[in-house]
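Shown next, in structure tokens, is the structure this report addresses.
The values are calculated or read from the model by the stated rules, or taken from the named source; none is laboratory data. Worth saying up front: this structure is predicted, and the values here are computed from it rather than measured. Using ideal geometry, Cβ is built from the backbone for each residue, glycine included, and neighbour counts are taken over all protein chains shown.
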2 protein chains.
Amino acid sequence: MDIAIPLFDRFTALDAIGPYETLSRLPGARVTFLAAEPGPVQTDNRMLSIVAERALSDLTHPDILVVPGGIGTRAMMNDTQLVDWVRTAHETTQWTCSVCTGSLVLGAAGLLDGLEATTHWMAMDALASTGARPTGRRVVEQGKIITAAGVSSGIDMGLTLAAHIAGDKIAQAIQLGIEYDPQPPFDSGSPEKAPAEVVEICRGVEALIDAGQAVA
Amino acid sequence: MDIAIPLFDRFTALDAIGPYETLSRLPGARVTFLAAEPGPVQTDNRMLSIVAERALSDLTHPDILVVPGGIGTRAMMNDTQLVDWVRTAHETTQWTCSVCTGSLVLGAAGLLDGLEATTHWMAMDALASTGARPTGRRVVEQGKIITAAGVSSGIDMGLTLAAHIAGDKIAQAIQLGIEYDPQPPFDSGSPEKAPAEVVEICRGVEALIDAGQAVA
């Protein structure tokens, strides 16, 4: 079972690693990180590089496709090579998935037209612009397409997909293997739950990124 | 604020990426991945390489040290270079942290003697052998040492530490930024919560790894 995770400049690491850490534990899973060219790919904040082992052109028919997000997706929506590769791969995938703003790339490939989908809470308008119908649910399934919300939601998505592929017991064993018994010290993980002041801090950082004055 | 995350052969990716994704968002944070030598370091399942930008000897006095775990920690407990580096770094850190079996390396460096600490639920005996007093809590603070439970717990630990460093509002903004509003499809993230059959699946995989018949 080939699981392909395409990387690109300024992706967000946890978007990719959440699905990797869950799905790689499925029996028979082989996860491959890809990019336009093999080699290290830098994350959004430039503090980390993850190695793309193979080129996109080396693996065109994965069984499962997971597109991570990150500030880099804004450029990737217009990257013909990646968008075309996603569109072609989707024709033969068993599952096509995204985390965070990875859904913008699925949308740019025309895969979400008229479908419910999700993304990072600050990117809902951008998602709507691709023809998708944005929803606030954390993991959104539409046939073989699964989109997940911001960054950390890829763990929940990975476990959901693991259950579809291998059954509840294996998915539960993967959850136990990664000891995913979340106990965040705060309850501020969504804009509905976070204090207004905290939402504004996030929007302020986003504005700095838009203005090129912050890196991620 | 220098945050050092040492990598080693067969570490677990999410152990490192959870703290990275949270702590890198602190104002003034600079996260550096290190290894014995700079270059790509393979994870436990050999499906992923993360780049160590610098050698351990290049950064000996980080402000924050986070040691990830993984099956590779069993060898690292006897790796004089890493253990000595951890012991020396700890002398001047503001915070010394571990995720999962990373605490075994802290223990091997003599940092946990007599202290409460935690690790992956399947490694509690190994942790006790270092002189620590294992507890089942998810994030365990003892002075400037913070140990976290298995794999995914590094996200909770990262947010807890972020609050200590920059205050609750910034930590909450980081939680919102990574949309950490966990909604796992099952409640099997700890051995107390998972069905007995699921616990046995995990123990069976562990036995295969011990016998060299499975990779992670």
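One table, with the values for the structure above:
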{"read-out": "Residue match in the range B:206-216 (condition: facing chain A (nearest Cβ under 7 Å) and among the hydrophobic types (A, V, I, L, M, F, W, C))", "value": "no"}
{"read-out": "Output for the range B:58-71, where each listed residue is surrounded by 24 or more Cβ atoms within 10 Å (Cβ to Cβ) and either out of contact with any His (no Cβ under 8 Å at 6 or more places or on another chain) or on the phi > 0 side of the Ramachandran plot (or both)", "value": "B:PRO62, B:ILE64, B:VAL66, B:VAL67, B:PRO68, B:GLY70"}
{"read-out": "Qualifying residue in the range B:126-149 (condition: surrounded by fewer than 18 Cβ atoms within 10 Å (Cβ to Cβ), among the charged types (D, E, K, R) and facing chain A (nearest Cβ under 7 Å))", "value": "no"}
{"read-out": "Enumeration of residues in the range A:133-164 that are over 16 Å from the mean Cα position of the chain (by Cα) and closer than 30 Å to A:GLU200 by Cβ", "value": "A:ARG133"}
{"read-out": "Given (1) surrounded by fewer than 23 Cβ atoms within 10 Å (Cβ to Cβ); (2) touching a strand residue (DSSP E or B) at 6+ places or on another chain (Cβ under 9 Å), number of the condition B:PRO27 does not satisfy", "value": "(2)"}
{"read-out": "Selected residue (only one of A:GLY158, A:GLY136, A:GLY150 is within 15 Å of B:PRO182 (Cα to Cα) and at pLDDT below 95)", "value": "A:GLY136"}
{"read-out": "Residue check, B:PHE33 in the same structural domain as B:SER98 (by TED's automatic domain parsing) and either part of a loop (DSSP other than H, G, I, E, B) or among the β-branched types (Val, Ile, Thr) (or both)", "value": "no"}
{"read-out": "The range B:150-189: number of residues that are at the interface with chain A (Cβ under 7 Å from one of its Cβ atoms), small (Gly, Ala, Ser) and crowded, with 24+ Cβ neighbours inside 10 Å", "value": "8"}
{"read-out": "Condition met for B:LEU65 (touching a strand residue (DSSP E or B) at 6+ places or on another chain (Cβ under 6 Å), within 14 Å of chain A (Cβ to nearest Cβ) and under 26 Å from B:GLN175 (Cα atoms))", "value": "no"}
{"read-out": "One residue from B:GLY177, B:GLY143 being touching a helix residue (DSSP H, G or I) at 6+ places or on another chain (Cβ under 9 Å) and in the same structural domain as B:TRP95 (by TED's automatic domain parsing)", "value": "B:GLY177"}
{"read-out": "Test: residue in the range A:30-46 that is more than 9 Å from chain B (Cβ to nearest Cβ), aromatic (Phe, Trp, Tyr) and closer than 12 Å to A:PRO68 by Cβ", "value": "no"}
{"read-out": "Given (1) touching a helix residue (DSSP H, G or I) at 6+ places or on another chain (Cβ under 7 Å); (2) of a type in the set (Phe, Trp, Tyr); (3) within 30 Å of B:SER24 (Cα to Cα), number of the condition A:TRP85 does not satisfy", "value": "(3)"}
{"read-out": "When residues of the range A:190-216 are limited to those that are of a type in the set (Gly, Ala, Ser) and surrounded by fewer than 11 Cβ atoms within 10 Å (Cβ to Cβ), the one modelled with the highest pLDDT", "value": "A:ALA196"}
